Amino acid sequence: MKPIRITLLWLLIALLLLPAVSFAETHIHLAPAPTPEETPEPTPTPTPTPPFGISLGYTDEQREEHRRTSRSVFGGARADGIFVADASDLSLCFYAKHANDTYPNGSTTKIMTALLAIEALSMDEILITPREATLLGGTNTMLGLVPNEPMSVEDLLYGLMLVSGNDCAITLAYRMDGSEEAFAERMNARAAELGMVDTNFTNPCGRNVGDNHSSPYDLALLTQEALKNEQFRKIVATASYTIPPNEKRRESLLIYNSNRLVSDGPPHDYYCPEAIGVKTGATALGTCLVAAARREDVTIIVVQLGMTEGDNKSKRYEEFGRALQFFNYIFANEYANIDAKTMIGSYTDVISVKMPFETDPELCKLKVHADVLGAHAYRAIREMDLLLAGDETFDVTIDAHAEAPVKAGQQVGTVTFSYRGRDWFTLPLIADEALAIPATPTPIPTPAPADAPATPMITDTDTTVDTPVPTGTPAPTSAPTDPPIDHRAAENKAAMQILLPLAGVLVLLVAALLIRRRIQRRR
């Protein structure tokens, strides 16, 4: 009899729990078990660099010829340290050899001296030559100043950069900081600002005193900064200059630029019509040259350090000839003219037009397009390739200040397309349609306050009684918004409402059976 009772008891419990189990299977959702191992994301395939000249339709034969010519031009340079790049972006580098190695940089040091003097002093200020500036001898290049000679800052700068006058450099340094050593601290501070990490200046001239050195890349950084200064550009691009007489100098002094890329006229071998400076130099360990040339709005910087083969004259001519070869090759083979239509295709946009009064912003919108015809840019071919291949994109800047009324076809502004900080095209923005001034101002819709009454009211100022405005249909009142329902929480609550009573019944049933069993034993 006892086994039968136990069996019936378990059967009753199962029947009571069956609805709860069914409800749980239907409504209680468990998180899926984690997979033992997730499939890794596929590694993206790197985008290959477009073949050189894709923008100009170069054939494979033309590309191979370009590579051969490049190796011939740059591979034959004898200077130990070389850096050749675009002045607007030094990462656009065409050749580098030992670009971060340090070399004695000679009078190319005077690029920094000139830049600091131009920034700190007035061009017409008269300086008195200190005695210390006139004591140099030996191989020091000099303008020939004498103690207490009055010289304008401008004349000193021409003497500094054209004939490399060390006496001019010391005079300028004493005016700014009182000594060469103090001025060298100023030079090194500015070099640090420019990121010239491989440079140390010990004097304003570049003499072999102390550890005065720099690297090809650092000198390119310095030249890039100096060429931003209009006065500096004017001085270093000058072929000859006349220094007027003064109380110590009876006659005027005509000086010529030691940079023959600038001072040689045609048909001399080293004349470069695009050359714009900047500085020659020489040390006991070799000659050096920093040169720059400009075609259209592109400037190329060439730095050569550590030229040691041959005598000074042959080394200097080698540097001039190699720089000229670099310039001619780069302008002819690394840059080309490209039209805006090829690079951009078409461009459309929507701008806002100013109205004589405040109105709906939608009424101020105007469709425009860029006029791409006729515009061109002289740019690096490798940059054209990247942009046309879609690997890079232009930055677009709109300058529009149009006021209504506007006629269809009217220019309403400009749009500029730039890449890596350099403008390529600035194009007219043309209106696609006419835009008239509205006859009357269109009020700008404003949202009603949240606590505004549903029914408009008119206040009777005589009786101060608020009277409802009669309307055909009462204005509907907005129903309160119910909070969002959490369905998962509702399902869990319903499950608990079923499971808890069943658990209670089960406890009572077990208790009743235990009490009955104890009573039977007592009998």
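A few remarks follow.
- When each of the peptides 87-96, 291-300 is scored by the mean number of other C-beta atoms lying within 10 Å of its residues, the order from highest to lowest reads 291-300, 87-96.
- Within the straight-line cut-off of under 16 Å between alpha carbons, the lysines reachable from Lys367 are Lys354, Lys407, sequence neighbours fewer than 8 places apart in one chain being disregarded.
- FRET E, pair Ala434, Lys313, Förster distance 56 Å, beta-carbon r, rounded to 0.05: 0.20
- Estimated distance in nm for a label pair at Gln410 and Asn229, the labels positioned 7 Å out from Cα along Cα-to-Cβ: 4.7 nm
- The amide H of Tyr95, built 1.01 Å from its N in the peptide plane, has Val84 as neighbours under 5 Å, considering only residues 5 or more places off or on other chains.
- Estimated FRET transfer efficiency when R0 is 60 angstrom, pair Leu502-Asp391 (beta carbons, to 0.05): 0.35
- Here the peptides 252-263, 339-350, 97-108, 359-370 are ranked by packing, the mean other Cβ count within 10 Å, and the order with the highest first is 97-108, 252-263, 359-370, 339-350.
- Potential extension, Asn100-Lys341 segment - 0.36 nm per residue separation minus Cα distance: 82.7 nm
- Placing a label point 7 Å from the Cα of Glu132 along the Cα-to-Cβ direction, the residues of the range 148-185 whose backbone N falls under 17 Å from that point are 148-149, 166-185.
- Amide hydrogen proximity for Ala87: with H placed 1.01 Å from N in the peptide plane, the residues at 5 or more positions away or on another chain lying under 5 Å are Thr299, Ile300, Ile301.
- Cα centroid separation - the range 78-108 against the range 333-400, whole Å: 35 Å
- Per-residue 3J(HN,Hα) values for the range 209-218, derived from phi via the Karplus relation 6.51 cos²θ - 1.76 cosθ + 1.60 with θ = phi - 60°, read 10, x, 9, 8, 8, 7, 10, x, 5, 4 Hz in sequence order (x marks Gly and Pro).
- Extended-chain gain in nm, criterion 0.36 nm per residue less alpha-carbon gap, Ser88 and Asn140: 15.3 nm
- Here each label is just a point 7 Å from Cα along the line to Cβ, and for Lys367 and Glu181 those points are 7.5 nm apart.
- 21 Å Cα-Cα threshold exceeded, pairs from Lys234/Lys313; Lys110/Lys228; Lys110/Lys234; Lys341/Lys365: Lys234/Lys313; Lys341/Lys365
- The gain in end-to-end length when the Ala120 to Arg71 segment is fully stretched comes to 13.3 nm, 0.36 nm per residue minus the alpha carbon separation.
- Residue-by-residue Karplus 3J(HN,Hα) for the range 278-288, coefficients 6.51, -1.76, 1.60, Hz, glycine and proline x: 10, 7, 8, x, 8, 9, 5, 9, x, 8, 8
- Under the criterion of Cα pairs below 8 Å and six or more residues apart, the relative contact order for the range 74-333 equals 24 percent.
- Net charge, Thr280 excluded, C-beta distance under 14 Å - Lys, Arg +1, Asp, Glu -1: +4
- The local environment of Val262, defined by Cβ-Cβ distances under 13 Å, has a net charge of +3 under the rule Lys, Arg +1 and Asp, Glu -1.
- Database remark: amide H of Leu127 closer than 5 angstrom to the amide H of Met151, Ser152, Val153 (H placed geometrically; neighbours at sequence offset of 5 or more, or on other chains; Pro and chain starts carry no H).
- Taking all Cα pairs closer than 8 Å and separated by 6 or more residues, the relative contact order of the range 339-431 comes to 30 percent.
- Protection proxy ranking for 377-387, 230-240, 199-209, 117-127, using the average of other Cβ atoms within 10 Å per residue and placing the highest first: 199-209, 377-387, 230-240, 117-127.
Here, each number is a calculation from the coordinates, and none is a lab measurement. Quantities reported herein were computed from a predicted structural model and do not represent experimental measurements. Positions of Cβ are backbone-derived with ideal geometry, glycine not excepted, and every protein chain shown enters the neighbour counts.
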